[in-house]
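> Below are the structure tokens for one structure; questions will follow.
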Amino acid sequence: MSKEYKRFSFRMSGFGFNRRISNKQKMVRTYQPTYQLNPRKRFNIENVEKILKRIVNSELADVEYSEKLIPDLCISLAENIRTAIKEENYDRYRIIVAVTMGQRRQQSVHMFHSFLWDHERDAFASHNFENCHIYANVVVYGVYFD
């Protein structure tokens, strides 16, 4: 009793897959380093602050504090801000968005962030928002990577 083994291949499609999978080796493309030390478009703090003010003020204008609503609102707000800033095409920058929201109850809040920083290439922009129910602090970091 001898078994025959056949070479097989199949196609996966749907969910963004359209690859032919087989037991042949796939060629891997390698790229040479660019040795580019500065970005083509620098992180513009004034533009990012305008984007922050526009998005945060429009989305949080009539929001009241709710423990169930705020976590999802923070996530969606951070995604909207990140998408809007990515549309500005800051090449070679990693965009980090930190959104903090809380209930306003006659208290003060002090926040700080600490990073290992390259003061020539890295930058950040922030915006604080308050209404009678909530406070929000949004910080966007543009961290240059080689």
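> Enumerate the calculated ³J(HN,Hα) couplings along segment 63-80 in order (Karplus 6.51 cos²θ - 1.76 cosθ + 1.60, θ = phi - 60°), each rounded to whole Hz, writing x wherever the residue is Gly or Pro.
Residue by residue, segment 63-80 yields 8, 9, 6, 8, 4, 7, 7, 4, x, 5, 5, 4, 5, 5, 5, 5, 5, 5 Hz.
> Next question, about the same structure. Take ARG82, project a point 7 Å from its Cα along the Cβ direction, then tell me which residues of segment 96-127 have their backbone nitrogen under 12 Å from it.
From segment 96-127, the list is 96-99.
> By how many nm would the segment from TYR65 to VAL109 lengthen if fully extended, with 0.36 nm per residue of separation less the alpha-carbon distance?
Using 0.36 nm per residue and subtracting the Cα-Cα distance, I get 14.2 nm.
> Could you derive backbone 3J(HN,Hα) for segment 85-98 from the dihedral phi with the Karplus parameters 6.51, -1.76 and 1.60 (θ = phi - 60°), listing whole Hz in sequence and x where the residue is Gly or Pro?
Karplus-based 3J(HN,Hα) across segment 85-98 equals 6, 5, 5, 6, 6, 7, 6, 6, 10, 8, 9, 10, 10, 10 Hz.
> Only loop residues by DSSP count here, and only those with at most 12 other Cβ atoms within 10 Å; note down the GluC sites (Glu not before Pro) in segment 37-98 that meet that.
GLU64, GLU67, GLU87
> Show me the three semi-axes of the equivalent ellipsoid for segment 35-146, from the C-alpha gyration tensor (sqrt of 5 times each eigenvalue), largest first, rounded to whole Å.
Ellipsoid half-lengths, sorted descending, are 29, 15, 11 Å.
> Each residue of segment 129-146 in order: what ³J(HN,Hα) in whole Hz does its phi give by Karplus 6.51 cos²θ - 1.76 cosθ + 1.60, θ = phi - 60°, with x for Gly and Pro?
For segment 129-146, the Karplus curve yields 10, 9, 10, 6, 10, 9, 10, 9, 10, 10, 10, 10, 10, x, 9, 6, 10, 7 Hz.
> Here's something else I'd like to know. Going from most exposed to least, what order do HIS119, HIS113, HIS133, HIS127 have by accessible area with a 1.4 Å probe?
Ranking HIS119, HIS113, HIS133, HIS127 by accessible area, largest first, yields HIS119, HIS113, HIS133, HIS127.
> Using only the heavy atoms of the protein chains and a 1.4 Å probe, how would TYR65, TYR35, TYR144 rank by accessible area, largest first?
Solvent-accessible surface, decreasing: TYR35, TYR65, TYR144.
> Just to be sure I understand the model, the point goes 7 Å from the Cα along the line to the Cβ. What's the resulting LYS41 to ALA98 distance in nm?
My value for the distance between the label points is 2.6 nm.
The values are calculated or read from the model by the stated rules, or taken from the named source; none is laboratory data. Values in this document were obtained by computation on a predicted structure and should not be read as measured data. All Cβ positions, even for glycine, are placed from backbone atoms using ideal geometry, and neighbour counts span all protein chains on display. Side chains are part of the model used for accessible areas, which takes the heavy atoms of the whole protein and leaves out ligands, DNA and RNA. Shrake-Rupley method; radii C 1.70, N 1.55, O 1.52, S 1.80 Å.
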